[in-house]
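The values are calculated or read from the model by the stated rules, or taken from the named source; none is laboratory data. Everything numeric here is computed off the predicted structure, so don't read it as measured data. Cβ placement follows ideal geometry from the backbone for every residue including glycine, while neighbour counts extend to all protein chains displayed. In case anyone asks, the SASA skips ligands and DNA or RNA and just uses the protein heavy atoms, side chains included. Shrake-Rupley method; radii C 1.70, N 1.55, O 1.52, S 1.80 Å.
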Protein chains: 4
Amino acid sequence: MATIGASLVRIEPGEVDVELRSRDDLVQQHGFLHAGVLASAADSACGFAALSLMPPGAAVLSIEFKINMLAPAAGERILARGRVIRAGKTVTVCWGDVTAYADGREKLVATMVATMMTVQGRGLTD
Amino acid sequence: MATIGASLVRIEPGEVDVELRSRDDLVQQHGFLHAGVLASAADSACGFAALSLMPPGAAVLSIEFKINMLAPAAGERILARGRVIRAGKTVTVCWGDVTAYADGREKLVATMVATMMTVQGRGLTD
Amino acid sequence: MATIGASLVRIEPGEVDVELRSRDDLVQQHGFLHAGVLASAADSACGFAALSLMPPGAAVLSIEFKINMLAPAAGERILARGRVIRAGKTVTVCWGDVTAYADGREKLVATMVATMMTVQGRGLTD
Amino acid sequence: MATIGASLVRIEPGEVDVELRSRDDLVQQHGFLHAGVLASAADSACGFAALSLMPPGAAVLSIEFKINMLAPAAGERILARGRVIRAGKTVTVCWGDVTAYADGREKLVATMVATMMTVQGRGLTD
């Protein structure tokens with residue numbers, strides 16, 4: 001998260017916000033935030049949201065995610081909100097919404113659905 | 001792409017390779033490359049592959065992509081290959097495979113399907 | 001929709017409900033509704049929701065969709081709700097939530113994100 | 001599968017073909033096969049491909065899938081091929097390609113990536 005300047009700004013059980021300040025090196029050829037940056041922020045928010053409902057000592061791995069870009073992501077601040085839809089013993093599914101704030105206005109710029117896996121002990125490689 | 005140290009290493013019509021050298025700030029908590037980094041590399045490869053078949057002057061936008069993480073992405077070098085499956089006038093669909101190279105061995109670590117849009121002139125905001 | 005016994009039960013601008021009565025030939029090996037049936041119902045709901053905001057004479061085509069199965073889909077009645085997240089001139093993005101009703105209780109059993117395309121005149125093959 | 005007239009025509013370890021004969025009640029408003037039908041066939045092919053590599057007694061559940069429609073699916077015969085990309089103890093990832101055959105010609109009409117889960121014993125509800 002440090003690479004893209006993201007930080008955790010809110011942690012509730014099953015819901016986490018990741019904030020990102022726009023930076024020159026994160027925008028693509030048209031001056032908007034790159035889809036990969038939005039995906040990284042939303043994936044992190046989803047991962048932490050999933051982790052917040054897992055037992056102590058567990059780790060979280062992204063199995064897969066899908067993201068739709070809804071509008072050009074311009075603005076001085078981006079908020080990625082991860083919310084758990086369904087928490088299972090092994091598999092947790094999350095929504096990740098990305099909102100851009102520019103000139104006092106907000107706009108939904110991307111929406112993600114992510115599947116996360118609970119990893120216990122040394123199970124990292126399945 | 002510069003933010004994650006990625007570079008275009010091969011461009012053919014409909015097929016593009018993006019290379020990434022592993023770097024300490026791109027790995028997540030377990031020492032593997034973060035899913036967001038893999039997604040960024042694969043999305044870039046898919047976008048350039050789509051662009052390679054578009055008419056001169058066109059630009060490309062990611063409508064959506066979905067990525068599955070198949071194995072922990074460790075290694076000194078990552079190659080994301082974007083290939084066009086179907087090139088339409090408006091919508092182009094691409095596969096993006098991400099391979100990790102470690103100690104002379106290669107492993108498929110992620111697979112993406114991405115939908116790209118051709119943007120002509122000032123159509124950027126649809 | 002007739003093949004799976006689905007019917008349109010509510011149409012609002014940008015929001016459509018498709019109802020499905022459970023039937024023996026729609027369940028898979030464990031007695032639950034097959035993922036393909038849930039996907040068909042949700043895709044139809046999303047397609048009609050997108051169409052409800054398109055100009056007269058337009059048709060709708062599914063570009064892609066992704067569905068997560070959240071819980072076994074058992075019950076006497078299934079409701080798939082399609083909602084437009086973003087309506088563009090060419091591309092419309094929708095959420096599709098599938099809820100199962102059994103013994104007076106409801107449960108979210110699947111969630112979809114779908115990308116729909118507006119088709120005007122003879123543009124069907126892009 | 002019987003509902004849509006699909007049948008298993010080839011089973012190899014990690015690779016399965018499901019065949020579908022076009023039928024009047026499976027086409028949508030433009031005379032092409034409905035996206036939900038393509039998704040059902042591809043999901044079945046992926047599920048059986050995953051199952052073919054699982055230990056005896058295991059069952060398979062679709063966690064999620066994503067499908068891109070690449071071309072209008074017309075033709076007298078449809079073949080959905082499921083192939084395992086990665087078989088894990090818990091999670092298996094598959095590609096599912098759908099090809100249409102019309103007048104002696106074949107065309108790739110849809111491509112899926114699906115995540116399947118191995119279910120042992122009574123784990124069905126996770």
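Things worth noting here:
- Chain-alone versus full-assembly comparison, region D:71-109, residues with accessible loss of at least 20 Å² (1.4 Å probe): D:PRO72, D:ILE85, D:ARG86, D:LYS89, D:THR90, D:VAL91, D:VAL93, D:TRP95, D:LEU108
- In this assembly of identical copies, the label point of B:ASP103 (Cα plus 7 Å along Cα-to-Cβ) is separated from its counterparts by 5.4, 5.6, 5.6 nm, sorted shortest first.
- D:MET54 sits with roughly 30 Å² accessible to a 1.4 Å probe, with DNA, RNA and ligands left out of the calculation.
- Estimated 222 nm signal from helices in chain A, with DSSP H stretches of n ≥ 4 weighted -39500 (n - 2.57), rounded to 500: -4500 deg cm²/dmol
- Using a Gaussian network model of chain A in which every pair of alpha carbons under 10 angstrom is joined by a spring, one finds that among A:VAL98, A:VAL16, A:VAL37 the greatest mean-square fluctuation is at A:VAL37.
- Residue among D:GLY47, D:GLY57, D:THR3 farthest towards the positive dipole end of chain D, charges placed on Cβ: D:GLY57
- For D:ILE85, solvent-accessible area (1.4 Å; no DNA, RNA or ligand), Å²: 40 Å²
- Note on B:ASP103 and B:ARG10: the model spin-label points, each 7 Å out from Cα along the C-beta direction, lie 2.5 nm apart.
- Top of A:ARG81, A:ARG105, A:ARG21 by mean-square fluctuation, Gaussian network on chain A, Cα under 10 Å: A:ARG105
- Other residues whose C-beta falls under 11 angstrom from the C-beta of C:ASP17 contribute a net charge of -1, scoring Lys and Arg +1 and Asp and Glu -1.
- Against the main long axis of the alpha-carbon atoms of chain D, helix D:35-51 sits at an angle near 30°.
- Across the identical copies, the label point of C:LYS89 (7 Å from Cα in the Cβ direction) is separated from its matches by 1.4, 5.4, 5.4 nm, in order from shortest.
- Sulfur and carbon atoms: percent of accessible area, chain A [1.4 Å]: 51 percent
- Between this copy and the others, label points of C:ASP25 are 0.5, 6.1, 6.1 nm apart in ascending order, each placed 7 angstrom from Cα in the Cβ direction.
- Distance from region B:33-52 to region D:6-20 (C-alpha centre basis), Å: 32 Å
- Across region A:77-98, the residues whose backbone nitrogen lies under 14 Å from the label position 7 Å along the beta-carbon direction of A:GLN120 are A:88-91.
- Ignoring lysines fewer than eight residues from A:LYS66 along the same chain, the ones with Cα atoms less than 17 angstrom from its Cα are B:LYS66, C:LYS66, D:LYS66.
- Cα gyration tensor shape of the protein assembly as shown, rounded if a/c is under 1.5, else prolate or oblate by comparing a/b with b/c: rounded
- Only lysines eight or more places from B:LYS89 in sequence, or on another chain, were considered; those with a Cα closer than 16 Å are C:LYS89.
- Cα centre as origin, Lys/Arg/Asp/Glu Cβ charges: chain C dipole, Debye: 260 debye
- Remark: relative contact order (chain B) = 26 percent; criterion is Cα-Cα distance under 8 angstrom and separation of 6 or more residues.
- Largest GNM mean-square fluctuation across D:ALA50, D:ALA87, D:ALA71, computed for chain D with C-alpha springs under 10 Å, falls on D:ALA71.
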